[in-house]
Amino acid sequence: MARTSGQSGQQTRDKLIRAAEEIFAAQGTDGAQLRDIVALAGQSNPSAVQYHFGSRAGLLDAVMAGRQERTERVVAPLLDGLPGDCGVRDLLTALVTAEASLLTDDRGRRCLRISAQLSHETGLRTGRPHPALDGTAYGRLIGRIGDRLGALPRPVRLERLDLALTLIGAALADRARQGLDGTEPLTGQELFLADLVGTTTAFLQAPAPHGA
């Protein structure tokens, strides 16, 4: 197969990524059919995903890299604006604000639905976050939240932090689904986000169980 020009190849990659966002969000990252992605992207070559990304996993990585880039643009200045001694609530407010910025359009909403399916891959329970977080403001923010929980036994701290991020991801993914489906949410956006921050803060700061 002849190699396309750099511009044409990048355009094809972009089309496949956008199609993948839609199909992965609707069908799930495991259930999605690559042929549906290729068709939605308007490609006639059934091996287009393998050609441009190497595999389904490579395509999913490209989708999540774009999602992380969008979040990073929001979270970096928020984190830089926080004092070094700020508490868990302020840190979570920055995190939730950055994540919620994806709710403003359908592409972001789809990415929130996709990333919620991958929350088990953060690596936080092992104390070794996913390499994609290395050197990012998002990774530093998570690290600072973990530092504020130092009074908790390490296993409890790691598990809580992982569960807190899973909760935030699931809540925002459900909000994203409502936006995509046109379903009227129970609460307005401001109240929803404030409640999510408050609930997650209380969860993280709850006393350790007796004997932990």
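In table form, for the structure just shown:
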quantity: Signed unit charges on C-beta, dipole axis of region 1-54, positive-most listed residue Ser8, Phe24, Ile37; calculated: Ser8
quantity: Exposure proxy ranking, count of Cβ atoms within 10 Å, fewest first, for Phe24, Phe53; calculated: Phe53, Phe24
quantity: Global size of region 64-205 as Cα Rg and Dmax, reported in angstrom; calculated: 14.4, 43
quantity: The chain: calculated mean residue ellipticity at 222 nm from DSSP helix runs of at least 4, using -39500 (n - 2.57); calculated: -22000 deg cm²/dmol
quantity: Cα-based convex hull volume of region 1-54 per residue, rounded to whole Å³; calculated: 68 Å³
quantity: Cα centre as origin, Lys/Arg/Asp/Glu Cβ charges: the chain dipole, Debye; calculated: 480 debye
quantity: Value of relative contact order over the chain, rounded to a whole percent, pairs C-alpha under 8 Å and six or more apart; calculated: 21 percent
quantity: Gain upon complete extension [Leu118, Ala170; 0.36 nm per residue less C-alpha separation]; calculated: 17.7 nm
quantity: Relative contact order of region 1-54, pairs being alpha-carbon contacts under 8 Å that are 6 or more residues apart, as %; calculated: 34 percent
quantity: Sorted largest first, extent of region 1-140 alpha carbons per principal axis (Å); calculated: 57, 30, 29
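A short reminder: the numbers here are calculations on the coordinates, not readings from a lab. All figures in this text were calculated on a predicted structure; none of them were measured in a lab. So basically every Cβ, Gly included, is an ideal-geometry build from the backbone, and we count neighbours across all protein chains shown.
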